[in-house]
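Participant: Have a look at this one before I ask anything.
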Amino acid sequence: MLKEVQSQTAVLMAAAEQSVLFTANRPDVVMERGEGMQLWDCDGKRYLDFIGGWAVASLGHSPGVLREALFKQSGELVHASPGFYNKPMIQFSKLMTEISGFDKVFFASSGAEANESAIKLARKHGAVNLNGAYEIITITNGFHGRTLATMSATGKEQWKTLFEPKVPGFRHVPINDLDACFAAISDKTCAIMLELIQGEGGVHEVDAPYLQAIRKACDIYGIMLIFDEVQTGLGRTGKLFASEHYGIKPDVMTLGKGIGGGFPLSAMLTMSKFDLFAPGDQGGTYTGSPLAMAAGLAVVEEILRLQLTENAASVGQYAIGKLNELSQRYPITNVRGKGLLLAFDVPEGTASALAAKCLELGLLINAPKPSIIRLMPPLIAAKTDVDEMLGLLQQALKSATPSQAVSATAIKEDKPA
């Protein structure tokens, strides 16, 4: 029976290599099913998931409420075109504006689309209110998506020469460098866009005084302040939105990943004074589709019902304490993060090997940089899951070797440029 299963995996891998466009290094693993904190591949091997579908599986894998919502809505209305309102769209819009404190919401399918929408809105604001200003200041080492505009907004060194020419009008400044940010502001500036915690960049936070000064500058000059909370929003950091840690509200907030619990969904929220788009300025075939709206409504209501924000705060703090204990015996340093968006440093060049060894042992973790390990499990994670993760991580730390680094590229989101 085992040989038959292995043969099935081999057949699937051969088919993938033949027909799936290469965009990422992936291991010879075919995931077949998931439940809660766990995934199983076609060989029947179980994995404890501390990647969480890239911070997407907020309720864990294949949650019942999401399955039920999709089943029910698919029996009523799957798609009506973006030219009409639909009932789940209105219900979900109401919920999102109520819990966020924003007035208006636009729904899309990916975080990049939400950020693209924010970029468009910022430039519309510049055109209407700031004498044609169009430049947007973003942060080095940030990440905003993979459309040409969001790649241009992303301050990622590897992307500087990729897909040239880039979309013009973005100025990158170092994180927490207020002098550099102020120096970049000009009469061409329409917005400042940033992540409060740089996820892909290695879980680095903005400082509170820095953010307060930026908010004040935006108010003085009429510049739009955009918070990219695609990864940090909806409970990930132990607050419903990461901005709550700072007590500072942006003019625009983008959400994605966990908002759909695995269903492709994102959102851009703003205030009424920035309700500036004219018909045709922004849209998309699947924006606000009934099926996506029903999925998002079910997921967000469940996050609130189960108090997963509070769970993320509690379990995340427990994980930080245990990782700090582990650092007394192994080369782990700079344990950091908020809620269930955590990271720690390992010796330079060893992160990929460590992630590869964890994969072999049945633990999924992420190595976004050669010396950084990132953890972003589902928000349902319990302290017992943290204990299991730490046990597997400790085994990997004892045995990881540099020779395993190549296979670990499967755990990295980005193919090296």
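Every number in this text was worked out from the coordinates using simple rules, so none of it is lab data. Keep in mind that what you see is a predicted model, and the values were worked out from it rather than measured. Here the Cβ is made from the backbone with ideal geometry for all residues, glycine too, and neighbour counts use every protein chain on show.
Participant: When ranked by the protection proxy of mean other Cβ atoms within 10 Å per residue, highest first, what sequence do the peptides 351-358, 388-395 form?
Facilitator: Put in order of decreasing packing, that is 351-358, 388-395.
Participant: Within region 163-198, which residues have the backbone N less than 20 Å from the label spot 7 Å out from MET271 along Cα→beta-carbon, could you tell me?
Facilitator: 189-196
Participant: What does the charge dipole of the chain about its Cα centre add up to, to the nearest 20 debye, if the Cβ of each Lys and Arg holds +1 and the Cβ of each Asp and Glu holds -1?
Facilitator: 120 debye
Participant: Hey, how many Å between the Cα centroid of region 332-349 and the Cα centroid of region 148-176?
Facilitator: First find each Cα centre; the distance between them is then 26 Å.
Participant: Let me ask something additional. Work out how much length HIS79 to ASP187 would gain on full extension: take 0.36 nm times their residue separation and subtract the Cα-Cα distance, in nm to one decimal.
Facilitator: Answer, rounded to one decimal: 34.6 nm.
Participant: Work out the P(r) tail for the chain: percent of alpha carbon pairs separated by more than 27 Å, whole number.
Facilitator: 52 percent
Participant: Quote to one decimal, in nm, the extra length available between ASP28 and SER399 on full extension: 0.36 nm per residue of separation minus the C-alpha distance between them.
Facilitator: Gain on stretching ASP28 to SER399: 131.5 nm.
Participant: I would also like to ask the following. What is the extension gain from ASP219 to ASN131, computed as 0.36 nm multiplied by their sequence separation minus the C-alpha to C-alpha distance, in nm to one decimal?
Facilitator: The span from ASP219 to ASN131 would gain 30.0 nm if fully extended.
Participant: Here's something else I'd like to know. On a 0 to 90 degree scale, rounded to 10, what angle separates helix 290-305 from the longest Cα axis of the chain?
Facilitator: 70 degrees
Participant: Run through region 147-210 and list the trypsin sites (Lys or Arg not before Pro) located in a DSSP loop whose Cβ has at most 14 other Cβ atoms within 10 Å.
Facilitator: Those satisfying the criteria are LYS160.
Participant: Then there's this: Given the chain, what percent of its DSSP beta bridges are antiparallel, to the nearest 5?
Facilitator: So the antiparallel bridges in the chain amount to around 60 percent.
Participant: Hey, can you rank 236-243, 80-87 by average C-beta count inside 10 Å, highest first?
Facilitator: 236-243, 80-87
Participant: Okay, moving on. What is the fewest-to-most order of VAL230, VAL167 by other Cβ atoms lying within 10 Å of their Cβ?
Facilitator: Starting with the residue having the fewest Cβ neighbours, the order is VAL167, VAL230.
Participant: If you fit an axis through the alpha-carbon atoms of helix 308-326 and take the longest principal axis of the Cα set of the chain, what angle between them do you get, 0 to 90°, nearest 10?
Facilitator: Roughly 50 degrees, rounded to the nearest 10.
Participant: What nm distance separates the two modelled labels at SER62 and ARG46, each placed 7 Å from Cα along Cα→Cβ?
Facilitator: For the pair SER62/ARG46, the computed spacing is 1.4 nm.
Participant: Right, here's the next one. Does a label point 7 Å from the Cα of GLN8, set along Cα-to-beta-carbon, have any residues of region 25-44 with amide nitrogen under 11 Å, and which are they?
Facilitator: Residues 32-33, 41-44 fall inside that zone.
Participant: Sequence neighbours fewer than 8 away in the same chain don't count; with that in mind, list the aspartates and glutamates whose C-alpha is under 20 Å from LYS160.
Facilitator: Hits, sequence-local ones excluded: GLU116, GLU135, GLU195, GLU200, GLU413, ASP414.
Participant: Enter the angle in degrees (range 0 to 90, nearest 10) between the Cα long axis of helix 87-100 and the first principal axis of the Cα atoms of the chain, meaning the one along which they spread out most.
Facilitator: Its long axis makes an angle of about 90 degrees.
Participant: Give the residue from GLY349, TRP54, ALA180 lying farthest towards the positive end of the charge dipole for the chain; charges sit on Cβ (+1 for Lys and Arg, -1 for Asp and Glu) and the dipole is referred to the Cα centre.
Facilitator: Comparing the listed Cα positions along the dipole, ALA180 ranks first.
Participant: Would you be so kind as to identify which of LEU361, ILE137, ASN311 lies farthest towards the positive end of the dipole of the chain, taking Lys and Arg as +1 and Asp and Glu as -1 on Cβ and the Cα centre as origin?
Facilitator: The Cα lying farthest towards the positive end belongs to ILE137.
Participant: Can you give me the orientation-averaged projected area of the convex hull built on the Cα atoms of region 64-305, in nm²?
Facilitator: 12.9 nm²
Participant: What FRET efficiency would be calculated for the residue pair LYS72, VAL20, taking the C-beta separation as r and a Förster radius of 45 Å, to the nearest 0.05?
Facilitator: 0.90
Participant: I need the phi-derived Karplus couplings for region 169-177: 6.51 cos²θ - 1.76 cosθ + 1.60, θ = phi - 60°, integer Hz, Gly and Pro marked x.
Facilitator: My calculation for region 169-177 gives x, 10, 10, 9, 10, x, 5, 6, 9 Hz in order.
Participant: Okay, next question. Among all the lysines, which ones have a C-alpha under 17 Å from LYS156's C-alpha, if same-chain residues fewer than 8 places away are not counted?
Facilitator: Of all the lysines, those that pass the test against LYS156 - Cα under 17 Å, at least 8 places apart if same chain - are LYS166, LYS369, LYS412, LYS415.
Participant: Still on this structure, please answer the following. Nothing charged except the Cβ atoms of Lys and Arg (+1) and of Asp and Glu (-1): what's the magnitude of the dipole of region 64-305 about its Cα centre? Round to the nearest 20 debye.
Facilitator: Charge dipole of region 64-305: 340 debye, to the nearest 20.
Participant: For region 285-349, divide the Cα radius of gyration by the Kirkwood radius and give the resulting Rg/Rh value with two decimals.
Facilitator: A ratio of 1.24.
Participant: Another question, then. Cross-link candidates for LYS72: which lysines have Cα within less than 20 Å, leaving aside residues fewer than 8 places away along the same chain?
Facilitator: Qualifying lysines at Cα under 20 Å: LYS87.
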